[in-house]
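Notes follow the structure.
The values are calculated or read from the model by the stated rules, or taken from the named source; none is laboratory data. Values in this document were obtained by computation on a predicted structure and should not be read as measured data. For neighbour counting, all protein chains shown are included, and Cβ atoms are generated from backbone atoms with ideal geometry for every residue, glycine included. For the accessible areas, the whole protein counts, side chains as well, though only heavy atoms, and no ligand, DNA or RNA atoms are used. Shrake-Rupley method; radii C 1.70, N 1.55, O 1.52, S 1.80 Å.
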Amino acid sequence: MAVTIAKEKWTSKVGEMVLGTEPNAVKVGGESTLPFLHFEGEIPNKPVMALEVWDLEPTDWPEILKQPFEGVLGDPVAWAKKNVEYGADVVALRLMSAHPDFKDASPEDCAATAKAVADAINVPLIVIGCGVEEKDAQVLEKVGEALNGKNCLIGCATEKNYKTITATAMVNGHNVIASSPLDINLAKQLNILMTEMNLPANRIAIDPLVGALGYGIEYAYSIMERARMGALMGDKMLAMPVICFVGQEAWKAKEAKSPSDETPEWGAQERRAILWEVITATTFIQAGGSILVLRHPESVKQVKAHIDKMMESNAY
Amino acid sequence: MGLTGLEIFKQLPKTNCKDCGQPTCLAFAMQLASGKASLDQCPHVSDAAKEALDSASAPPVALVKIGKGEKELELGNETVLFRHDKRFEHPTGIAISVSDSDAEIASKVQEINKLVFDRVGQVHSVNLVAVVNNSGDAAKFAEAVKTVQDNTQFPLVLISEDPAAMEKALEVAGANAPLICGANAANFDAMIGLAKKYDAPVVIKGANLEELAALVEKAGYKKLILDSGAREVNKVLADQTQIRRQALKRFRPFGYPTITFADNPDPIQAIVDAGVYIAKYAGIVVLNTADPADVLPLITLRLNIYTDPQKPIAVESKIYEVGNPGPDAPVFVTTNFSLTYFCVQGDVEAGRIDAYILPVDTDGISVLTGWAAGKFTPEKITEMLNTCGIADKVSHRKVIIPGGVAVLSGKLQELSGWEVLVGPRESAGIPSFIKQRWSA
Ligand code: B12
Ligand code: SF4
């Protein structure tokens, strides 16, 4: 019996999003098949890696994670530049200082930080709020204005605050992260609400609120696979690139945080922690993740090396 | 499986002789299709029809066993491409390789034996030890196989393309159904002959999918594991996908589990590649590392990918004791999602705290999910405190709740009458929390 290569006939593709401006623009999405099945469709853009920058020195990061950023953790501009040196395709600024439990920084102060960071780097910028929905709406409104024309990716918009964030993005020319907790219908619904405000569908990135390896990764994995199949079968409200906040989840895991001497049976912490972040990321990439927000530069290096290999053709 | 009554009917004698106990052949066919009858109840069915029906009703990926006894490994029986369709059946077997030119084989095997991890109350370990005939020497290979076999309970994978070396190794280990790895176009008859002689499973390696299919058809043997010959991760992904897709389309030569090799020269990339293979259909992945830092992420990934997407793993909702808790011991409330419960239990244990843990029945979902879904509420926690009997075990009335649901504390205190202490957000913070904040 001769082997006939089994190819799916997908009818549609993932929308293509552009981040940043020429000559430094980065494109994501656009695939017309499942991840890295070059034998069956087009994969015009590779998944991109973002490294996080905080506008406030993180207190609960393990030493291993702080060490590569020694000297810049208190300076978002210097930290952002360092991320670019480390090979980040995109920088993800997290405006933690806006959080009422921390500095409760004003939207104006946050906007000034975002502007300073954006001006200092030559890669596209993602700006995320502090996670408090009302505050993020206020903050991102100002941030959006300050970054007018820079074509950033801002978020996270939820069903509670999407209106303000979407409006800011439309007026100032940005893309929006739409977050919904691990549910394909909720994701779709938010995308519908945002596109009904006339935000073009290719300016939305889906954030399925992923969990880390060992901590719920399988739920997000399956939601993402289903969303990708929906996109390929023509569902425009699922055809957005997916963003995964991998770093924040992976570095919460005990397997990443526990020092070598506490859990010697798990091997050396550094290797295990980096692998925790890397495997979380590469597994999500297999499920269709396009923008991966990581924390450790070594993880970025490893995931990029893997992606370069995966981008080589496997056509028959 | 998979055949309709009508498809089965076509293969029956259509004489309606009733010897099967059914009024007609069609009625018998319908019984067969729904699994209520078996084919041997019809004494008249032809051998050709029997074979056609057997092979059509066999699972798309054959079940293949490696090893004997307690640690026997079962692979195959897979029925889907995506885990959201139905649970993946048999988790990828993880094999760790040792070389027959390694002087320290026995101690390497001891390290492999130690790769056992406790997770969500279950023990997870690697599954196989692969002995590689790097020396090219048959006697040395056999000797290494003996050392490994004497030092581990895991079934073996014998890796050599030299039939003479394989024969020697099988004289040592052949009685224990090791995986012979394996046959290729050059050594085919000799290797398949050995597999048949020892009734052991064997890997068939093709230079590509085409050759693999041809060799499988030529084998005339069913205890097979497939190797498409690809070694670069991008190509392995394509081949693994093709093999699974075609197996599900009932292209019979590909209806067997597969083997993959994570032998990327970069040690971190090798683990990443192995992760792809675990997610994408590999029956076995062979690793060249026994470092727990490498193996733990992969074992965890395997557990996650192979859990049943329809039902979260839950623990029974009842009082659990850690250590020897007395009337002064702290009481922790959590949910009955296994992962959540075992995080808490593990951290309480790590802090050497004698304590009670009460997992509230949230239908097996986590703290925040349970809270958001209205399944981890002050009412439910109160009910558990009142009915589980904890009030008879402790003299105090203080209960510790997860930091993530601090908002529950007021209402819970009001409803239950217990004093509510808000614990840390992550259970890892429990030991230091207890040191600083606990007195009965
Ligand atoms: C996996 C997941 C799911 C899975 C459920 C898996 C399961 N079996 O629980 C699914 C897909 C089903 C799901 C559904 C929903 N989810 Co959900 N989900 C998650 C996710 C990604 C991980 C949860 C998890 O497993 N964590 C790991 C476990 C171990 O964590 P844990 O139980 O909290 O335990 C830790 C701590 O709480 C602490 N701890 C636990 N017990 C105790 C006890 C004491 C005494 C102490 C001190 C500490 C402590 O230690 C543990 C380890 O650190 C989180 C987001 C995230 N990244 O965390 C969202 C999340 C929990 N989900 C959320 C929501 C809203 C939902 C839905 C309501 C959404 C919807 N689709 O309608 C549904 C509800 C489901 C239902 N109706 O049954 C929200 C909750 C928001 C909030 N703060 O209220 C979250 C936080 C996502 C988000 N950021 O919005 N979800
Ligand atoms: S015994 Fe066989 S041939 Fe006779 S009725 Fe039953 S199915 Fe038909």
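Here are some notes:
- Residues of segment B:210-260 that are more than 11 Å from chain A (Cβ to nearest Cβ) and in a helix (DSSP H, G or I): B:Leu215, B:Lys218, B:Ala219.
- Taking segment B:169-201 as the range and being crowded, with 24+ Cβ neighbours inside 10 Å and touching a helix residue (DSSP H, G or I) at 6+ places or on another chain (Cβ under 6 Å) as the test, the residues that pass are B:Ala169, B:Ile180, B:Ala183, B:Met191.
- Contacts under 6 angstrom Cβ, first residue in segment B:236-258 being of a type in the set (Val, Ile, Thr), partner surrounded by fewer than 23 Cβ atoms within 10 Å (Cβ to Cβ), 6 or more apart: B:Val236/B:Ala230
- Listed by position, the strands (runs of 3 or more DSSP E) contained in segment B:299-364 that have at least 2 residues being open to solvent by less than 10 Å² (accessible area, probe 1.4 Å), touching a helix residue (DSSP H, G or I) at 6+ places or on another chain (Cβ under 8 Å) and more than 13 Å from chain A (Cβ to nearest Cβ) are B:331-335, B:355-360.
- Boolean, B:Ile8 is β-branched (Val, Ile, Thr), away from chain A (no Cβ under 14 Å) and within 16 Å of ligand 2 (Cβ to nearest atom): yes
- B:Asp162 being farther than 19 Å from B:Gly283 by Cβ, more than 14 Å from chain A (Cβ to nearest Cβ) and free of Cβ contacts under 8 Å to residues at least 24 places away in the same chain: no
- Segment B:261-280: number of residues that are more than 11 Å from chain A (Cβ to nearest Cβ) and surrounded by 24 or more Cβ atoms within 10 Å (Cβ to Cβ): 2
- The listed residue being open to solvent by 10 Å² or more (accessible area, probe 1.4 Å), in contact with a Pro (Cβ under 6 Å, 6 or more places away or on another chain) and closer than 29 Å to A:Lys7 by Cβ, out of B:Glu217, B:Glu232: B:Glu217
- Selection over segment A:34-65 of residues that are touching a helix residue (DSSP H, G or I) at 6+ places or on another chain (Cβ under 7 Å) and within 11 Å of chain B (Cβ to nearest Cβ) gives a count of 5.
- Test set (1) closer than 26 Å to A:Val90 by Cβ; (2) open to solvent by less than 10 Å² (accessible area, probe 1.4 Å); (3) modelled with pLDDT under 95 - A:Thr282 fails condition number: (3)
- Only one of the numbered conditions (1) hydrophobic (A, V, I, L, M, F, W, C); (2) within 14 Å of ligand 1 (Cβ to nearest atom); (3) within 10 Å of chain B (Cβ to nearest Cβ) is violated by A:Leu190, and that is (3).
- Tally of residues being part of a strand (DSSP E or B) and without any contact (Cβ under 8 Å) to a residue 40 or more places away in the chain across segment B:101-117: 1
- Matching entry among B:Ser38, B:Ser46, B:Ser55 (being within 14 Å of chain A (Cβ to nearest Cβ) and either within 16 Å of ligand 2 (Cβ to nearest atom) or out of contact with any Gly (no Cβ under 6 Å at 6 or more places or on another chain) (or both)): B:Ser55
- Any chance B:Asp294 is farther than 30 Å from B:Glu78 by Cα, within 11 Å of another protein chain (Cβ to nearest Cβ), touching a Pro at 6+ places or on another chain (Cβ under 8 Å) and not in a loop (DSSP other than H, G, I, E, B): no
- Only residues that are more than 13 Å from the chain's Cα centre (by Cα) and within 14 Å of chain A (Cβ to nearest Cβ) were counted across segment B:84-118, and they come to 13.
- Matching residues, segment B:261-286, being closer than 16 Å to A:Ile279 by Cα and in a loop (DSSP other than H, G, I, E, B): B:Asn264, B:Asp266, B:Lys280
- Scope segment A:227-237; condition more than 14 Å from chain B (Cβ to nearest Cβ) and either open to solvent by 10 Å² or more (accessible area, probe 1.4 Å) or farther than 19 Å from A:Leu209 by Cβ (or both); matching residues: A:Gly234, A:Asp235, A:Lys236, A:Met237
- Residue in segment B:47-59 that is at pLDDT 95 or above and over 30 Å from B:Gln345 (Cβ atoms) present: no
- Listing of helices (runs of 4 or more DSSP H) fully contained in segment A:56-159 that carry 2 or more residues being touching a strand residue (DSSP E or B) at 6+ places or on another chain (Cβ under 7 Å): A:76-85, A:107-120, A:133-146
- Matching entry among B:Lys393, B:Lys380, B:Lys375 (being within 11 Å of ligand 1 (Cβ to nearest atom), open to solvent by 40 Å² or more (accessible area, probe 1.4 Å), away from every other protein chain (no Cβ under 14 Å) and at negative phi): B:Lys375
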